[in-house]
Structures are given as C-alpha cells and as structure tokens.
Amino acid sequence: MEIRATGCGKVGNFARCIIVLCSLLAFNAPAGLIVDLGLAKDFMFLDIGSDPSRDALLARGRFGGEIGWSGGTGTKIKLRKGVLSGDIYRAADSTLKIKKGGEHLGTDHPAADMSRFIADVDAAVARFGTLNQDMDLGSIHQSGGLTIDRTDEYTVVDVDSFSLFNGTLTLNGQVDDVFYIRISNAFDLFNVDVNVVGTDPSRVFFIYGGTNDLTYGKGYFLGNIIAPNAAVLLSDIEGFSGSVISGDGFSVTGKHKDTAFDHTVAIPEPAVLSMVGLFAGGVLFLRRIFWNKVVKSNA
C-alpha cells in the first residue's frame, strides 16, 4: 500500500490570508493604552506593602481566588467565618490565622517571593499615570446614581475625590471597551452597585492614588481596584466579581457567610488580541488536514 501526500494550494493561501488579517487587526489596536498587570492579575486580593498598617482580613463569604500578601514580621492574614478555595502566597515571617468558622481549601505558601508581583504592579501603576485623559469629572460627592459613558474603545476618566452613596454607578460601554477610572484623593462608595454595560467587568479599572483608606460598603462590586498606597476596606459586600490590589492591608467582609467573591482576571486588551493565536492555530490545523490529503492506492 502506498500513502501519498498532495498539496492543496488554495487552502494554504486562504490560511495565510486569515492569519495576515488577524495580525492586522491585532496591530491596529492602540497598544499604548493597554496596561497589563502581569503576574499580579492572578490574584483576587493582593497587598504589595512590605509593612502595612493593617492586617489582611477575609470574613463572611466564599472566596474563589488566590491571595497574595507581601507584609513580613508581625503581619497576619486572618480568615474568619468564610471559605477560601484559592492558594495563599505570603512573605516569610507573616502569620496565617484561621479563626472560628474559617476554612482554607487551597495551599498555603508561607515563604513566597513576592518581589516579582510587586514589580509588575509598580510597572502597571507607572503606565496608568501616562494615559491621556478623556474626561475630568472633578470632585464627586452625591447621593444617587452616576453614569459614565464611553468616549471610545479606551475611556480614561480622572476624578479628584469620588464619594457616591445610595445608587448605581453605571459604566456604559460597548463590546471590548476598557474603562480606566483614576481617582486622586478619596474613594468612598456606600450602598452603591457597580453596573457594567456592554463590555466585561474584567476591563474596568479603578486606579486610586491616595493614601487614605479606600472604602466600599453594602453593594455589588464589578471590576478591578488598584490602590498601591492605601488600605482597601470592603464591608458588608453583597457580591463581588473582580480583583483588588492594595498597599496598606485589606479587610473584606461579605453581607453573609455565603456571599460570593469571584475572581475575574483583569484583561485590558480587546478580545481580538487574545483570539488571534487561537484562531490562527485552528486555521493552520485545518490547513494541515487538507494539505496532507491521504491518497490510498493499491501497491
């Protein structure tokens, strides 16, 4: 029996055209507006402070992501009346305290090298500061809802002080849009639900540059919080989908013991960038099938 391979030029040319088209779409994306958190985006809650004034507290909830803690001697991660399914990565000489009603289903890494995660956060924070502003909302201190509409695919909003109470914060975008909300001095939300329209919450970033505590209470949060110089205090949370990076400790408590805290990986690039490799690989696979047509003939 003889097995003979024959070429399939049209299919090969078609595959090349598709790959080129995907590449053009990818390179057409405004790469200067993409800020990647690197390895840090693997954490649901990450604190990068070497000597935070607060410990880490997780209480009343089901926490589905990984925890990172850079604090050293004398600092603690406390889990109380909640279940953490993800791993914990913490600096040497910190302490893990699992109190009554707490349960850790993942693995504890008690002497993790946190420097690589800190470096990625520092690089991302520097990039956040270089983004060109699309709109300046000044200081916001109000009760009731607030809607921020997209300006284009990447919307960069500056806010001096952000205090919002008793309403819904709506980010109104389109598919694959990215929102960067930069807050300078104060970030306090109470009884506020975050509503993301059109795009995915993983593409929403709240970047807080202040040193006072960032507080968020009694609401449903969607998105990513980056507060490299402050403590992040989330209290009586009704639901959470996103991630938090803090610099002075964090405290996270759910409204009840079954409150769901889900981790969504921060992805700032349009979906086409992540799909190019997959799609092109699939086309190449099909191309090989057609290219290597097996022709059987009797010897």
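Here, each number is a calculation from the coordinates, and none is a lab measurement. Given the structure is predicted, the values throughout are model-derived calculations rather than measurements. Backbone-built Cβ (ideal geometry, glycine too); neighbour counts: all protein chains shown.
Brief remarks on what is shown
- Listed from fewest to most Cβ neighbours within 10 Å, the set L233, L84 follows the order L233, L84.
- Look at the alpha carbon pairs under 8 Å that are at least 6 residues apart: their mean separation over the length of segment 154-264 gives a relative contact order of 20 percent.
- D_trans [Stokes-Einstein, Kirkwood Rh over alpha-carbon pairs] for segment 23-172, 10 °C, 1.306 mPa s, µm² s⁻¹: 87
- Cβ crowding within 10 Å ranks L57, L146 as L146, L57, fewest other Cβ atoms first.
- Between D149 and D113, the C-beta separation translates, for a Förster distance of 45 Å, into a calculated FRET efficiency of about 0.60.
- Long-range tail of P(r) for segment 32-269 (Cα pairs > 34 Å, %): 10
- Projected-area mean, segment 103-164, by convex hull of Cα positions, square nanometres: 8.1
- Distance between the pseudo-spin-label points of I34 and S53 (7 Å out from Cα toward the beta carbon): 3.9 nm.
- The relative contact order of segment 32-269 comes to 21 percent, based on Cα pairs under 8 Å that sit 6 or more residues apart.
- Note on T211/S139: beta-carbon distance plugged into 1/(1 + (r/R0)^6) with R0 of 22 Å gives a FRET efficiency of 0.80.
- Taking other C-beta atoms within 10 angstrom as a stand-in for reagent exposure, D258, D122, D176 fall in the order D258, D122, D176, fewest first.
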